[in-house]
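The values are calculated or read from the model by the stated rules, or taken from the named source; none is laboratory data. Remember, predicted model here, so these are calculated numbers, not experimental data. Heads up, the Cβs are rebuilt from the backbone with ideal geometry, glycines too, and the neighbour counts pull from every protein chain shown. For accessibility, only protein heavy atoms count, side chains too; no ligands or nucleic acids. Shrake-Rupley method; radii C 1.70, N 1.55, O 1.52, S 1.80 Å.
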Amino acid sequence: MKYNASIRKLSEIKSDITCIFSFQKSALGQQASDLDTATNQSLSKSIKNLGFKSELGSSITITSLDANSKQIIIVGLGEQKALNKASILKAAASATKDILAHTPKTITLGISDLAEHTAEAAEAFSSSIASASYRFETYKSEKSKKPTPTQLTFVCDKKEQNGVKKALGYSQAKSIGMALTRDLGNEPGNVATPSYLAKVAKEMAKEFNSLSCKVLEEKDMEKLNMGAFLSVSKGSTEPGKLIVLEYKGGAAKSAPHVLVGKGITFDTGGISLKPGPAMDEMKYDMCGAASVLGTMRAIAELAPKKNIIGVIAAAENMPAGNASKPGDIVTTASGQTVEILNTDAEGRLVLCDALTYVEKFKPKSVIDIATLTGACIIALGHSTSAVMSNNDEFAETLLQCGQEANDKAWQLPIWDEYHKQLDSPFADMQNIGGKGAGSITAACFLSKFAKKYTWAHLDIAGTAWTSGANKGATGRPVPLLLNYLMNHAK
Ligand code: BES
Ligand code: MN
Ligand code: ZN
């Protein structure tokens, strides 16, 4: 989809659909009035005839024979003085449905009447339309015949044009990143293997000069004593990979921000085998890794003057004759030993060695992203990711990043009280914390490997994909991560 910020007259732009906005209890704004005049008053007539009140999220569609646009949608924004980010997001979500119901190829939105909110609106509407137009049809013999939009034009005043352009650039990069994250998540487990993720990372590094990629093989990880990672990957015929994708945009000496993604390309549970129903959804257990690749892709597009490193711990968790067994004890790269009481708590095992590995970058911040615990869904449901951190200020920043990016997260504590749930009679720790606070004890486990830097863990078990009839990866938490790296990371 092409994005454009135009200062032409709205009524002069040929488009399949033109979208214009109106406020409750107010006369039409200048841009809407101009379009009304140019279309023989079809806007004001329809508003009157249909009793349209411009309530937030409501809309009417007009088929005007006088217009350059086949259809005009008027979107209500509620009362003008109450207009804010939340109401714009709400209007964007409902307008997107109405717009896409007409399967337009070209969409034009007149946003001048939103005054100081034009840039915000450009981001909200473009993100929402891009996200709703996403499809994953790789394996359908017959592709959907409905067209998806190819051109999205925002029409604004001259003084807003630069702000709108900037917002669209950001939005487009974010959407490209999210689409990659969703594609990787939706790929089946027999295709999206650890080697496949490594290939995608390498290809991305070829495409962008600012990126370089290195892949550690199992033999390299043996040299680094990554006994925890290897205890997971050894049960699979697919070799595990530790993928390192470096973006260099800052000074050589500037310390990087690091993302670490859980890339379990299929999680059967291992010998602690998962029950059958819905096990297919464990192909999504690499969505943390997918969000790292999607965010790195968006970063490469936006080219900030910072250094950012994405690391992916990729392995398949299988039951096998040579798989880890409950009670096995392994030594991690950090030297700490772990008693594996449940082979289904494998995410923390691959991540802990990756967290030790990234110490060598002397990072300014490290965020790991993982579909780590079913308990996270019990705690926060499917709308909110969990944040746990060794630094409350950092956690607070990430919550704010999520809030701003419409990709919400909430903090859970990792206080000392919880750590004793990981005490093992035989090793330095065990890999499960027993009954209660399952997401917290998982984060407590990870924190024991993240002592040398500012660190946060995002549990995206509830937010990375949706189940049911609309099964599919969501692209979250790319918006949160991108907002952090672009706008908040020092
Ligand atoms: N990948 C799962 C977590 C998960 C389950 C995410 C369902 C989304 C939906 C993870 O590897 C896992 O199996 N965790 C266990 C941990 C337990 C054994 C302590 C879980 O949540 O049951
Ligand atoms: Mn598991
Ligand atoms: Zn898992």
Quiz item: Residues Gly269, Gly235: which one is on the phi > 0 side of the Ramachandran plot and over 24 Å from the mean Cα position of the chain (by Cα)?
Solution: Gly269
Quiz item: Cβ-Cβ below 6 Å, separation at least six or inter-chain, first residue in the stretch 343-355 and over 14 Å from Thr265 (Cα atoms), second within 8 Å of ligand 1 (Cβ to nearest atom) and open to solvent by 10 Å² or more (accessible area, probe 1.4 Å): which pairs?
Solution: Thr343/Ser272; Ala345/Ile432
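Do you know which residues across the stretch 301-316 are open to solvent by 10 Å² or more (accessible area, probe 1.4 Å) and of a type outside the set (Lys, Arg)? Full working, then the answer.
Just the residues of the stretch 301-316 that are open to solvent by 10 Å² or more (accessible area, probe 1.4 Å), to begin with: 301-307, 316.
Hits for the stretch 301-316 are Glu301, Leu302, Ala303, Pro304, Asn307, Glu316.
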Exercise. Considering only the stretch 412-458, state which residues are under 20 Å from Ala370 (Cα atoms) and of a type in the set (A, V, I, L, M).
Key: Leu412, Ile414, Leu422, Ile432, Ala437, Ile440, Ala442, Ala443, Leu446, Ala450, Ala456, Leu458
Quiz item: Which of the following residues is touching a Lys or Arg at 6+ places or on another chain (Cβ under 8 Å) and within 16 Å of ligand 3 (Cβ to nearest atom): Ile340, Ile377?
Solution: Ile340
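Do we find a residue being within 20 Å of Phe361 (Cβ to Cβ) and either under 21 Å from the mean Cα position of the chain (by Cα) or not β-branched (Val, Ile, Thr) (or both) anywhere in the stretch 274-289? Steps first, answer last, please.
Pass one, the stretch 274-289, residues within 20 Å of Phe361 (Cβ to Cβ): 288-289.
Filter once more, keeping what is either under 21 Å from the mean Cα position of the chain (by Cα) or not β-branched (Val, Ile, Thr) (or both): 288-289.
Scanning the stretch 274-289 turns up at least one residue that is within 20 Å of Phe361 (Cβ to Cβ) and either under 21 Å from the mean Cα position of the chain (by Cα) or not β-branched (Val, Ile, Thr) (or both).
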Quiz prompt | Among (1) hydrophobic (A, V, I, L, M, F, W, C); (2) more than 26 Å from the chain's Cα centre (by Cα); (3) within 20 Å of Ser175 (Cα to Cα) - the single one Leu109 does not satisfy | solution = (2)
Quiz prompt | All positions within the stretch 147-167 that are within 24 Å of the chain's Cα centre (by Cα), assigned to a helix (DSSP H, G or I) and surrounded by fewer than 20 Cβ atoms within 10 Å (Cβ to Cβ) | solution = Gly163, Lys165, Lys166
Quiz item: Within the set of pairs 6+ apart or on separate chains, which have a first residue in the stretch 25-46 that is farther than 19 Å from Gln71 by Cβ, a second that is open to solvent by less than 40 Å² (accessible area, probe 1.4 Å) and of a type outside the set (A, V, I, L, M), and C-beta atoms under 6 Å apart?
Solution: Gly29/Asp113
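Being closer than 30 Å to Ser171 by Cα, among the polar types (S, T, N, Q) and more than 16 Å from ligand 3 (Cβ to nearest atom) is the requirement here; does Thr331 meet it?
Numbers: closer than 30 Å to Ser171 by Cα: no; among the polar types (S, T, N, Q): yes; more than 16 Å from ligand 3 (Cβ to nearest atom): yes.
Considered against the rule, which asks whether it is closer than 30 Å to Ser171 by Cα, among the polar types (S, T, N, Q) and more than 16 Å from ligand 3 (Cβ to nearest atom), Thr331 comes out as no.
Condition check: open to solvent by 10 Å² or more (accessible area, probe 1.4 Å), in contact with a Ser or Thr (Cβ under 6 Å, 6 or more places away or on another chain), away from ligand 2 (no atom under 14 Å from the Cβ) and within 25 Å of Trp465 (Cβ to Cβ). Does Glu246 satisfy that?
Details: open to solvent by 10 Å² or more (accessible area, probe 1.4 Å): yes; in contact with a Ser or Thr (Cβ under 6 Å, 6 or more places away or on another chain): yes; away from ligand 2 (no atom under 14 Å from the Cβ): yes; within 25 Å of Trp465 (Cβ to Cβ): no.
So Glu246 does not fit the description; no.
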Quiz prompt | Subset of the stretch 320-334 [open to solvent by 20 Å² or more (accessible area, probe 1.4 Å) and either within 13 Å of ligand 1 (Cβ to nearest atom) or of a type in the set (Gly, Ala, Ser) (or both)] | solution = Ala320, Gly321, Pro326, Gly327, Ala333, Ser334
Quiz item: Got at least one residue in the stretch 411-424 being buried (at least 19 other Cβ atoms within 10 Å of the Cβ), at pLDDT 95 or above and of a type in the set (Lys, Arg)?
Solution: no
Quiz item: Exactly one of (1) open to solvent by 30 Å² or more (accessible area, probe 1.4 Å); (2) more than 16 Å from ligand 3 (Cβ to nearest atom); (3) among the aliphatic types (A, V, I, L, M) is unmet by Ile432. Its number?
Solution: (2)
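Going through the stretch 270-285 one residue at a time, which ones are away from ligand 3 (no atom under 13 Å from the Cβ) and open to solvent by less than 40 Å² (accessible area, probe 1.4 Å)? Don't jump to the end; show me each part of the working.
We begin by selecting, within the stretch 270-285, every residue away from ligand 3 (no atom under 13 Å from the Cβ); these are 271, 275-278, 280.
Within the stretch 270-285, no residue meets the criteria.
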Quiz item: Residues of the stretch 61-82 being of a type in the set (A, V, I, L, M, F, W, C), within 19 Å of Glu12 (Cβ to Cβ) and surrounded by fewer than 15 Cβ atoms within 10 Å (Cβ to Cβ), which ones?
Solution: Leu65
Self-check item: Positions within the stretch 179-203 being open to solvent by 10 Å² or more (accessible area, probe 1.4 Å), more than 14 Å from Val478 (Cβ to Cβ) and in contact with a strand residue (DSSP E or B) (Cβ under 7 Å, 6 or more places away or on another chain), in sequence order
Solution: Asn186, Gly189, Thr193, Ser195, Lys202
Exercise. Could you check Lys53 against (1) in contact (Cβ under 8 Å) with a residue 12 or more places away in the chain; (2) on the phi > 0 side of the Ramachandran plot and say which number it fails?
Key: (2)
Self-check item: Output for the stretch 11-49, where each listed residue is within 14 Å of Gly76 (Cα to Cα), surrounded by 15 or more Cβ atoms within 10 Å (Cβ to Cβ) and among the aliphatic types (A, V, I, L, M)
Solution: Ile20, Leu28, Ala32, Leu43, Ile47
Exercise. Please go through the stretch 439-485 and pick out each residue that is within 16 Å of ligand 2 (Cβ to nearest atom), in contact with a Phe, Trp or Tyr (Cβ under 9 Å, 6 or more places away or on another chain) and of a type outside the set (A, V, I, L, M).
Key: Thr441, Trp465
